[in-house]
């Protein structure tokens with residue numbers, strides 16, 4: 001399997017003396033949909049900044065698709081598309097001009113640039129806005145335009161730094177579908193996000209970065225399997241008794257309000273045991289959901305272990 | 001990067017720059033034309049008629065080359081400084097920095113954009129000046145050569161200003177407190193023969209003095225200085241500034257952290 005990104009002992013100390021990255025080593029395979037998670041100030045944007053050459057590293061090596069970024073700068077930049085966290089386009093230009101200009105920066109002939117701009121603006125639902133000044137776009141449209149801009153040269157590696165920040169849920173889900181399509185067509189995607197549900201839904205592999213160090217690097221599946229405590233909220237059909245509480249090894253049931261129960265299942269037991277208990281008590285369940293996002297629980301537990309969690 | 005890719009990238013930057021100053025023509029093109037036209041009317045026509053001759057020419061004819069050059073200098077400089085700084089400010093410069101474009105292509109694109117504005121304004125001002133004075137055009141090659149090199153030098157100067165600028169005040173400080181005094185004291189409105197020897201010597205330390213005089217020589221055929229020497233200075237300035245800009249871009253000063 002080809003490695004899309006390989007960083008070794010990556011370090012960044014800013015002029016202010018702040019050490020943002022302290023020897024990060026990481027490999028991301030070609031075709032992966034990879035989540036890079038971490039609290040604010042953990043070093044995610046610095047990591048992305050170094051990959052995109054906007055931030056100069058103070059130590060370590062970076063390879064993109066096997067090529068050293070220092071000796072193969074042109075090819076590595078050509079392979080890379082970046083959607084930054086902050087809005088970074090001219091607010092006075094038209095949508096199509098921004099995308100076309102980016103195509104020109106990558107050396108695309110005009111005819112091809114027009115075709116690509118149309119293709120990605122249409123796919124991202126912005127074709128009708130192509131002649132609109134970018135400052136007049138909504139927040140979600142601005143984010144989508146930055147994705148179209150990053151894709152116009154069809155990079156093999158797309159880096160998205162919180163692409164759905166401030167985007168409403170409906171639009172976010174349509175962006176997820178689009179990104180999954182792009183990924184299934186072969187584009188390697190690296191995503192940072194504060195929406196852990198997003199990472200759980202989209203990504204196959206994950207790294208958690210905290211205070212400039214990688215504290216977890218595994219597959220999403222393995223990580224979620226490590227979670228041995230699951231909390232659910234069960235919505236009931238009828239009013240519950242005031243004193244409803246049930247405890248047994250690996251299962252705790254307690255009343256949340258008149259029509260809902262919290263079930264905490266652990267020690268290898270599953271939700272069926274909770275439903276069996278409730279059935280015996282004559283309580284009918286109408287619906288059920290996870291109390292908290294599973295990845296969120298793991299994320300917070302890892303941060304706590306590394307000494308940065310709030311809990 | 002393949003040559004045709006570089007050319008496309010260069011062309012893209014230039015088109016973007018030209019589109020920018022044409023889009024806001026009422027801020028970029030109109031004010032300098034109105035200002036310089038007022039100079040023609042007030043200094044050239046009204047005051048100039050009382051002055052008589054300067055350097056063997058009517059005062060109006062004497063100041064026209066200097067005023068055209070003033071327009072070229074100010075607009076070449078301010079186009080690059082304001083465009084590159086606003087791209088830094090809006091962070092849209094990152095679009096350029098992540099793309100596979102060599103530094104010299106980025107610099108050339110901005111500089112040609114600045115020269116385009118300087119030359120456009122200079123051309124319009126020249127047309128306006130024809131209503132006030134006859135311009136004999138002594139040497140087309142010297143006239144065009146000096147105006148091209150001057151706009152090149154000041155576009156490069158504007159780029160350096162933009163690289164170091166951290167706020168909008170930094171963009172206006174150099175044009176207001178350095179450029180304007182140097183232009184006014186660079187022999188636009190008078191011949192340095194009118195000055196005492198010491199101040200003639202000081203005037204010769206002002207690079208704009210050489211540009212204005214060489215341009216005047218190209219149009220009128222009269223100058224306070226040796227034209228070949230002035231051209232040599234211009235080429236030297238352009239080379240030094242180009243080198244400095246490339247060095248700053250390579251270091252990432254003001255644009256990479």
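Computed quantities for the displayed model
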read-out: Any chance residue B:125 is buried (at least 21 other Cβ atoms within 10 Å of the Cβ) and either in a helix (DSSP H, G or I) or modelled with pLDDT under 95 (or both); value: yes
read-out: Identity of the residue in the stretch A:58-79, free of Cβ contacts under 8 Å to residues at least 12 places away in the same chain and in a loop (DSSP other than H, G, I, E, B), that ends up nearest to residue B:253 (Cα to Cα); value: A:70
read-out: Scan of the stretch B:17-38 for residues that are within 13 Å of chain A (Cβ to nearest Cβ) and free of Cβ contacts under 8 Å to residues at least 60 places away in the same chain, ordered by number; value: B:19, B:22, B:23, B:24, B:27
read-out: Considering residues of the stretch A:121-133 that are surrounded by fewer than 22 Cβ atoms within 10 Å (Cβ to Cβ) and assigned to a helix (DSSP H, G or I) only, the residue nearest to the chain's Cα centre (by Cα); value: A:123
read-out: Matching option when the condition is surrounded by fewer than 20 Cβ atoms within 10 Å (Cβ to Cβ), within 12 Å of another protein chain (Cβ to nearest Cβ) and in a helix (DSSP H, G or I), among B:14, B:41; value: B:14
read-out: Meets criteria (under 19 Å from the mean Cα position of the chain (by Cα), outside the structural domain of residue A:301 (by TED's automatic domain parsing) and either surrounded by fewer than 22 Cβ atoms within 10 Å (Cβ to Cβ) or outside any helix (DSSP H, G or I) (or both)) for residue A:50; value: no
read-out: Only one of A:42, A:4, A:35 that is buried (at least 21 other Cβ atoms within 10 Å of the Cβ), more than 14 Å from chain B (Cβ to nearest Cβ), part of a loop (DSSP other than H, G, I, E, B) and in contact with a strand residue (DSSP E or B) (Cβ under 6 Å, 6 or more places away or on another chain); value: A:42
read-out: Residue that is modelled with the highest pLDDT [pool: residues in the stretch B:1-11 that are out of contact with any helix residue (DSSP H, G or I) (no Cβ under 8 Å at 6 or more places or on another chain), at the interface with chain A (Cβ under 8 Å from one of its Cβ atoms) and surrounded by fewer than 17 Cβ atoms within 10 Å (Cβ to Cβ)]; value: B:4
read-out: Residue in the stretch A:99-115 that is nearest to residue A:170 (Cα to Cα), counting only those that are touching a helix residue (DSSP H, G or I) at 6+ places or on another chain (Cβ under 6 Å) and in a helix (DSSP H, G or I); value: A:99
read-out: Helices (runs of 4 or more DSSP H) within the stretch A:134-233 that include 3 or more residues closer than 20 Å to residue A:95 by Cβ, in contact with a strand residue (DSSP E or B) (Cβ under 8 Å, 6 or more places away or on another chain) and not assigned by TED's automatic domain parsing to the domain that holds residue A:249; value: A:139-151
read-out: Selection within the stretch B:44-101 - free of Cβ contacts under 8 Å to residues at least 60 places away in the same chain, part of a loop (DSSP other than H, G, I, E, B) and within 14 Å of chain A (Cβ to nearest Cβ); value: B:90, B:91, B:92
read-out: From A:82, A:55, A:24, residue being buried (at least 16 other Cβ atoms within 10 Å of the Cβ), facing another protein chain (nearest Cβ under 8 Å) and in a strand (DSSP E or B); value: A:82
read-out: Among (1) facing chain B (nearest Cβ under 10 Å); (2) in a loop (DSSP other than H, G, I, E, B); (3) under 21 Å from the mean Cα position of the chain (by Cα) - the single one residue A:92 does not satisfy; value: (3)
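Residue-wise test of (1) assigned to a helix (DSSP H, G or I); (2) under 16 Å from the mean Cα position of the chain (by Cα).
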residue: B:152; (1), (2): yes, yes
residue: B:155; (1), (2): yes, yes
residue: B:170; (1), (2): yes, no
residue: B:202; (1), (2): yes, no
residue: B:217; (1), (2): yes, no
residue: B:223; (1), (2): no, no
residue: B:228; (1), (2): yes, no
residue: B:246; (1), (2): yes, no
residue: B:257; (1), (2): no, no
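The values are calculated or read from the model by the stated rules, or taken from the named source; none is laboratory data. Remember, predicted model here, so these are calculated numbers, not experimental data. Because the Cβ atoms are built from the backbone with ideal geometry, glycine has one as well, and the counts that use them run over all protein chains shown.
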